[in-house]
1. Roughly how big is region B:3-87's charge dipole about its Cα centre, with Cβ charges of +1 (Lys, Arg) and -1 (Asp, Glu), in debye to the nearest 20?
2. Once the piece of chain linking residue A:117 and residue A:135 is laid out straight, how much longer is it, given 0.36 nm per residue of separation minus the C-alpha distance between them?
3. Which of the aspartates and glutamates could be linked to residue B:47 by a straight reach, that is with a Cα gap under 18 Å, when you skip same-chain ones fewer than 8 residues away?
4. Please sort through the DSSP H helices of chain A and keep those with an alpha-carbon extent of at least 15 Å along the long axis and a Kyte-Doolittle average not below 1.6.
5. Who wins for biggest fluctuation among A:158, A:122, A:26 in a Gaussian network model of chain A, springs between alpha carbons below 10 Å?
Amino acid sequence: MWVFVLSEMSEFAFFFTVFLVVKLLHPELFSTAPAQLNTKAGLANTLLLITSSWFVANAVRAARSAKRKKSMGWLALTITAGLLYCAIKYLEYLWNVEHGISTRTNIFFALYYYLAFNHLLHVLIGICVIGWALLQSWLGSYDSENLGGLEGAATYWHMIDLVWILLFPMLYIVG
Amino acid sequence: MNNLTRNPLNRVWFILISLTLLTAAIPENDSLTTASAAFISVLVIIKGRLIIRDYMDMKKAHPILYWSLVLYMVLFSIAMLVIPAIT
């Protein structure tokens, strides 16, 4: 799992580097464009992802204490938070269209869409991974001594949260 | 209430939410200067470290793995937020 997580983080490191280079080439554009984005949507999604990380950390903690049903409840909450994140992202994209923001508006918005959509894909993968961990919990595949699969799924979800913690100020606040 | 604060994960969640709200409040009160970009960068590093240490439970992990993740957050938050504000 760690090889997978680290390779995903390397992929985002590459995107961050591209963003930085373009930002240094267009400082004026990158200082004004973030104000045009829907910061409330970005903030809501940040709060949701942080809360979902809390849910999944509690799921692992409950599983370690052999509280299977409690752990499954936390995992279900994680999936719900992930789906809410996707719903907010969808509404944000609709809001962008209404305000004339598209991938072709300028290079900042092209990069914003590329990074945010790429992150959204990772959230969708994360929902599937957590869903798989929930199914395995329900089937009784985990016990307090054998939690590798659940811990791996949780690590992947936290990685998604870590990347978003960088993306939020980068895209919506500082630019 | 005691039950809520006894779990360290709850405390970390509360800190993370507070730091996020603080990050979002900065541009509304202040035009973005190098100092505020640096402040946001510090908030990002603190949040990243809390997630890595307490949520990912990396305290007991190999130090190379733990510090690689922390370094990732430090490097990119400085590179993405502070360097462009200086140049």
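1. Details: 7 positive and 4 negative charges, 89 e Å.
My answer is approximately 420 debye.
2. On the way: separation 18, 0.36 × 18 = 6.48 nm, distance 2.70 nm.
Here the segment from residue A:117 to residue A:135 would lengthen by 3.8 nm.
3. The reachable aspartates and glutamates, counting only those whose Cα sits under 18 Å from residue B:47, are A:161, B:57.
4. A:2-25
5. Among A:158, A:122, A:26, the largest GNM mean-square fluctuation belongs to A:26.
Values quoted throughout were computed directly from the atomic coordinates according to the rules given, and no laboratory measurement underlies them. Just so we're clear, the structure is a prediction, and the values are computed from it rather than from any experiment. FYI the Cβ positions are ideal-geometry reconstructions off the backbone, even for glycines, and counts take in every protein chain you see.
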